[in-house]
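**Q** Starting off with a structure, shown below.
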Amino acid sequence: MNEANTPPDLEECFTQPEGWRWGCFERALDDGAKRKIRFGTVSPEGRNPDAIVVCLQGLREFSEKYYEIARWCNDNNFTFWAFDWAGQGKSTRYLPSNQQKRHGKSFDYDIDDLHHLITEHVSPSSSATENKQVPMAMIAHSMGANLGLRYLQKHSDIFDYAAFSSPLVGIKVFRSMPQNLALAATYVCKIIAGKFYIPGGGDWGKEISKACLTSDKIRGYVQGKWCEADADLRTGSITFGWLYEAQKSCMEIQKPIIHTKITTPCLFGIAGNDDLVDNKIAMEIISNIRETKTINYPESFHEILMESDYIRGDFLKNFYDLIKENIISSP
């Protein structure tokens, strides 16, 4: 899949790495609908990779935003894969009447999309390297962490290691009410106005958002610069329908029968200045997962992977160290 690339006015580290390849696949859902999922990958040039890193993006994000992480992976001899969840980036959008709206169906469909990517594209590629399976690691942010944790519980034999940045396992706006009440409220809103923006929401560039996502001024502009350069990457605010599905998925992860069964070694990065994630719920869940390392970043905002060099660099160093300890050194 060839895709026209219009580099925005950004430093080279934020632009497409040499050797990047695009691809896509189409899946039919059980309700008859079809969805097209775009993905991209890049490998270290001229070397067999030590591991494969699959990146699970956060809400409204797209693969181009993670070019800097892709370059970091290649520099450390990792192959990098990313894909756009349905509803954002250049994958299928849900509402033809306004494709800007970040609507959604059950997160179960997204988990199945991830599994299709891995089994049909990532794993065959890794097996082709010297006829052996290359170890696999997950790096996931926010909504991607929600989906990644559920994936680890459902498919425990795929990933050897996983890292989660600001995991969305509880929505901060609901922190003062019982989770079941929040689910009921979002369900009612979905029935009444499921395809409408939440209050303050709007199309890209018009939504009202008070959330600060990063303290790094340069990385804070990356997503916007790409959206300015390529209108197809733009996504507006969430709908009531997406909010209900997110709360439902959060409550699924909160069930001990789900998160206590995760056996993959996990790294968690917790942002102290997070306006979106309920860190209290996150820490409760993390404490019940068997093999974990948790790093608190009191000064970090929500996007740890887009934060200052010190915060971002520390999280990635721990990610590399644990891959080396748990994957590369494995017999």
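No value in this document is a laboratory result; all are computed from the given coordinates. The structure presented is a predicted model; accordingly, all values stated were derived computationally and were not measured. So basically every Cβ, Gly included, is an ideal-geometry build from the backbone, and we count neighbours across all protein chains shown.
**Q** Be a star and scan the stretch 139-170 for residues whose amide nitrogen sits under 20 Å from the point 7 Å along the Cα-to-Cβ vector of Tyr187.
**A** Residues 170 qualify, since their backbone N sits under 20 Å from the label point.
**Q** Do the sum for the chain: with -39,500 (n - 2.57) for every DSSP H run of n ≥ 4, divided by all residues, what is the mean residue ellipticity at 222 nm, to the nearest 500 deg cm²/dmol?
**A** One gets -9000 deg cm²/dmol as the mean residue ellipticity at 222 nm.
**Q** Just add up the charged neighbours of Ile238: K/R +1, D/E -1, any other residue whose Cβ is under 9 Å from the Cβ of Ile238.
**A** Surrounding charge for Ile238 is +3.
**Q** Modelling each spin label as a point 7 Å along the Cα-to-Cβ direction, I'd like the Glu26/Thr119 distance in nm, to one decimal.
**A** 2.0 nm
**Q** Which aspartates and glutamates have a Cα lying under 18 Å from the Cα of Lys293, excluding residues fewer than 8 positions away in the same chain?
**A** The qualifying aspartates and glutamates are Asp160, Glu284, Asp314, Asp321, Glu325.
**Q** Follow-up question, since we're still on this one. Starting from the Cα of Lys217, draw a straight line to each of the lysines and keep only those under 20 Å, dropping any in the same chain fewer than 8 residues away.
**A** Qualifying lysines at Cα under 20 Å: Lys65, Lys225.
**Q** Taking springs between alpha-carbon atoms closer than 10 angstrom, which of Cys266, Cys13, Cys55 fluctuates most in the Gaussian network model of the chain?
**A** Largest GNM mean-square fluctuation: Cys13.
**Q** Residue separation times 0.36 nm, minus the C-alpha to C-alpha distance between Phe196 and Asn296: what's the value?
**A** Residue separation times 0.36 nm, minus the Cα-Cα distance, leaves 32.4 nm.
**Q** Classify the stretch 59-103: rounded, prolate or oblate, from the alpha-carbon gyration tensor (a ≥ b ≥ c, eigenvalue square roots; a/c under 1.5 rounded; otherwise prolate if a/b is larger than b/c)?
**A** Since a/c reaches 1.5 and a/b is larger than b/c, the shape of the stretch 59-103 is classed as prolate.
**Q** Mind listing the phi-derived Karplus ³J(HN,Hα) values for the stretch 194-202, rounded to whole Hz, using 6.51, -1.76 and 1.60 with θ = phi - 60°, and x for any glycine or proline?
**A** Running phi through 6.51 cos²θ - 1.76 cosθ + 1.60 with θ = phi - 60° gives x, 9, 9, 5, 5, x, x, x, x Hz.
**Q** Next up: Give, rounded to the nearest 20 debye, the magnitude of the charge dipole that the stretch 12-328 has about its Cα centre when Lys and Arg contribute +1 at Cβ and Asp and Glu contribute -1 at Cβ.
**A** I would put it at about 900 debye.
**Q** Past 25 Å, Cα to Cα, is the threshold; run Lys36/Lys206; Lys34/Lys195; Lys36/Lys105 against it and keep the listed order.
**A** Checking Cα-Cα distances, Lys36/Lys206 exceed 25 Å.
**Q** Connecting C-alpha atoms closer than 10 Å in a GNM of the chain, tell me which of Asp278, Asp50, Asp157 has the biggest fluctuation.
**A** Checking each option, the largest mean-square fluctuation is seen for Asp157.
**Q** For Cys13 paired with Leu95, estimate the spin-label separation in nm (one decimal), with each label point 7 Å from Cα along the Cα-to-Cβ line.
**A** 3.7 nm
**Q** Hey, if you put +1 on the Cβ of every Lys and Arg and -1 on every Asp and Glu Cβ in the stretch 12-328, which of Ser123, Phe78, Gly241 ends up farthest toward the positive end of that dipole?
**A** Gly241
**Q** Compute the separation of the alpha-carbon centres of the stretch 278-296 and the stretch 22-41 and state it in Å as a whole number.
**A** 32 Å
**Q** Counting only other residues whose beta carbon sits under 12 Å from that of Gly269, what net charge do I get with K and R as +1, D and E as -1?
**A** -1
**Q** Same structure, new question: Gln254 to Asp232: extension gain in nm, 0.36 nm per residue of separation minus the Cα-Cα distance?
**A** That pair, Gln254 and Asp232, stretches by 4.5 nm at full extension.
**Q** How big is Rg to Rh over the chain, alpha-carbon atoms, Rh as the Kirkwood inverse-mean-distance radius?
**A** That ratio is 0.93, to two decimals.
**Q** Please label the shape of the stretch 144-190 as rounded, prolate or oblate, based on the square roots a ≥ b ≥ c of the eigenvalues of the alpha-carbon gyration tensor (a/c under 1.5 means rounded; beyond that, a/b larger than b/c means prolate, else oblate).
**A** In terms of gyration-tensor shape, prolate.
**Q** Can I ask one more? If amide H atoms are built 1.01 Å from N in the plane of the peptide, which residues on other chains or at least 5 residues away come under 5 Å of the amide H of Val277?
**A** Distant-sequence amide H within range of Val277: Lys172.
**Q** May I ask for the distance between the Cα centers of the stretch 193-242 and the stretch 70-105, given as a whole number of Å?
**A** Using only Cα atoms to place each centre, the spacing works out to 14 Å.
**Q** Can you give the relative contact order of the chain as a percent, counting alpha carbon pairs under 8 Å and 6+ residues apart?
**A** 19 percent
**Q** Going by the alpha-carbon gyration tensor, a ≥ b ≥ c the square roots of its eigenvalues, is the stretch 160-228 rounded (a/c under 1.5) or, if a/c is not under 1.5, prolate (a/b greater than b/c) versus oblate?
**A** oblate
**Q** Separate question: Ser176: net charge of surrounding residues, Cβ under 14 Å, Lys/Arg +1, Asp/Glu -1, itself excluded?
**A** +2
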